[in-house]
Amino acid sequence: MPETVLGLTLIDSLYAGLFVLGAVLTAASILQATRIEDRETRHGLIALLATASGWSVTHVVTLLAPSQLIANAAYLAGLILGFSTVWAWLYFCSAYTGRVLHRDTWVVRGSILAYLSVVAVKLTNPFHHLYYRATYQPASFPAVVVEHGIFHWAVTGLSYALAAIGMFMLFELFREADYGTRPLAGLVAVMALPAILDVYSFASSTLVDLIHSPLGVAVFAVGVLFVHEDRFLAVQLTGDIAEPVALLDEDDRVRAVNDTARSRFPTLRDATGVPLSTAAPAIAEHVDGDDDVLALRHSDDTEYYLVAESTFSLGASNLGRVIVFTEITETERHRREVERHNAQLEGFAAGVNHELRNAIQVASGYTAQAASALESENVTDAQQSLARVSDAVDRMADRVNDLSTLARHGRTLRDTTTVDVAAAARAGWQTTDTGDCELTVTGDTTVSADRVRLEDLFESAFAFTTDNNATAVTVAIHDDGFSIADNGATPSVTDTTRFFDYGDAVPTTEAGMHLPNVQTLARVHGWTVSVDPDYEDGVRLEITTDPAPIALTDP
């Protein structure tokens, strides 16, 4: 004889105990659900938990009912609460996935009409028995034996179909989110398993012929609210975001990243549980900094991302931060190009003003000397002064032509070719009046550049070395750029950035235009140029052809 517990077999007691446990778990989860910040998601989930808990309670009462009246009343209440659970589930799924079905007036009105119509049939079942017939058998377990009618199977089919729609909403969100959603998808799948038990219980006497869905809701509630609450909230925040997303905990450790983030930022691929500062220190430094735009180097290109972060919490508990990286490469390139052009135009204006003013002053001075010499009938001095006036005018014309050429070449390049740096340096040397100065080129590499502009860059640099009284120039080529060093005058100023200001007579008036031109021609290629402050044998320019602030490559 089977072991009994309080007059029931052990199996029967365990079966009833499952629904007791389901009722307790779903009821206990309501408190946790009240802490969800999104109002509509919170309301939908609370309604789902409350109706599912009540549904479980009616199952327990139906199974253990001491009288036919109580058994019938409990079973009927369970039918109403069970159907209510379907609509609470749909409301929750619509709100959680960011849809608006739960706000659509026609959908809401139609749902209410369908719900009330079905409830009306259930409430009037004692008169027409279209839904079920119940026979009370006090000596058996369960005490109520139910024979379902055709209306029951129609409503059950409708309920399963509506529940499947909600599951489809969630699975679609999980697929789009790709945010470590397998645990959540598994919890949703668990909710579908009771449907299999329902079919089996109808066809077999092994299980009690009752709807098992409250058990699935209980597992789902515990899973999303106590075990995977961080993923549950993070997916809602980021589910419709296609951009790279990283989830950090309170200690800034990486909890999860989506596929886009793993693709764009390889250092985050296996970083789960690792502090962001360790996995990607450059990104961590930027996230905690003041600059909203993150520049990253991928292969031979630089990408720009707008970094936005938000905290996500469960009530008063802060669970961490969600970092979203929105690519703004084209916009940022355009913005930087506009800024560079504006700065370049300001430099051109200053350079033209400086050069023309100096040339006019020189020409005026020598013109006055020529006039004074003619008054003294000193023809030779007058001729020499006029020759210097002509030189000043020619110099003025040359500077204007230089600036005009530079203005044409000053736009950021879109089409480049592979250029041999050493060959470009020698070509620039050949077209520059360097006198007796000697050139030495060491190293060999190629760069993606515009050949004419690169040769112009070398010409301006060599013209500077000549004006700096150099007798030897060395071009040293390396993997990430090249340097141009001379043995001329050592800079007397500590602020080497002044060398690149148009109109600033640094280091000399004659050389004042050359290095600004070098800088402009470097910038159009996306390169940087600087004066080495530690070089003591003259002036050394460092041109970096790979100046990306952050480089992310596969480890």
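The values are calculated or read from the model by the stated rules, or taken from the named source; none is laboratory data. Because the structure is predicted, anything quoted here is derived from the model rather than measured. Glycine gets a Cβ as well: all are built from the backbone with ideal geometry, and neighbour counts include every protein chain shown. These area figures cover heavy atoms from the full protein model, side chains too; ligands, DNA and RNA do not enter into them. Shrake-Rupley method; radii C 1.70, N 1.55, O 1.52, S 1.80 Å.
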Notebook entry, point to check: Can you tell me how many residues in region 448-461 are open to solvent by less than 30 Å² (accessible area, probe 1.4 Å) and either over 21 Å from Leu515 (Cα atoms) or out of contact with any strand residue (DSSP E or B) (no Cβ under 7 Å at 6 or more places or on another chain) (or both)?
Noted result: 3
Check: Any idea which of Val208, Val144, Val222, Val217 is touching a Phe, Trp or Tyr at 6+ places or on another chain (Cβ under 9 Å) and at pLDDT 80 or above?
Finding: Val217
Margin query: Looking at the structure I just gave you, is Ser29 modelled with pLDDT of 90 or more and over 24 Å from Lys122 (Cα atoms)?
Written below: yes
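May I ask you to verify whether Val108 is under 39 Å from the mean Cα position of the chain (by Cα) and under 22 Å from Phe232 (Cβ atoms)?
no
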Check: Looking only at residues in region 239-268 that are modelled with pLDDT of 80 or more and over 13 Å from the mean Cα position of the chain (by Cα), which one is farthest from Glu303 (Cα to Cα)?
Finding: Asp251
Next item on the list: Return a yes/no flag: does region 44-58 have any residue that is farther than 17 Å from His212 by Cβ and in contact with a strand residue (DSSP E or B) (Cβ under 7 Å, 6 or more places away or on another chain).
Entry: no
Margin query: Suppose we filter region 2-26 for residues that are of a type in the set (A, V, I, L, M, F, W, C), open to solvent by 50 Å² or more (accessible area, probe 1.4 Å) and either at positive phi or at pLDDT 90 or above (or both); how many remain?
Written below: 5
Item checked: Members of region 150-187 found to be of a type in the set (Val, Ile, Thr), at pLDDT 85 or above and open to solvent by less than 60 Å² (accessible area, probe 1.4 Å), listed by number -> Val155, Thr156
Note to self: For region 46-68, which positions are assigned to a helix (DSSP H, G or I), in contact (Cβ under 8 Å) with a residue 40 or more places away in the chain and not hydroxyl-bearing (Ser, Thr, Tyr)?
What the structure shows: Ala47, Leu48, Leu49, Ala52, Trp55, His59, Val60, Leu63, Leu64, Gln68
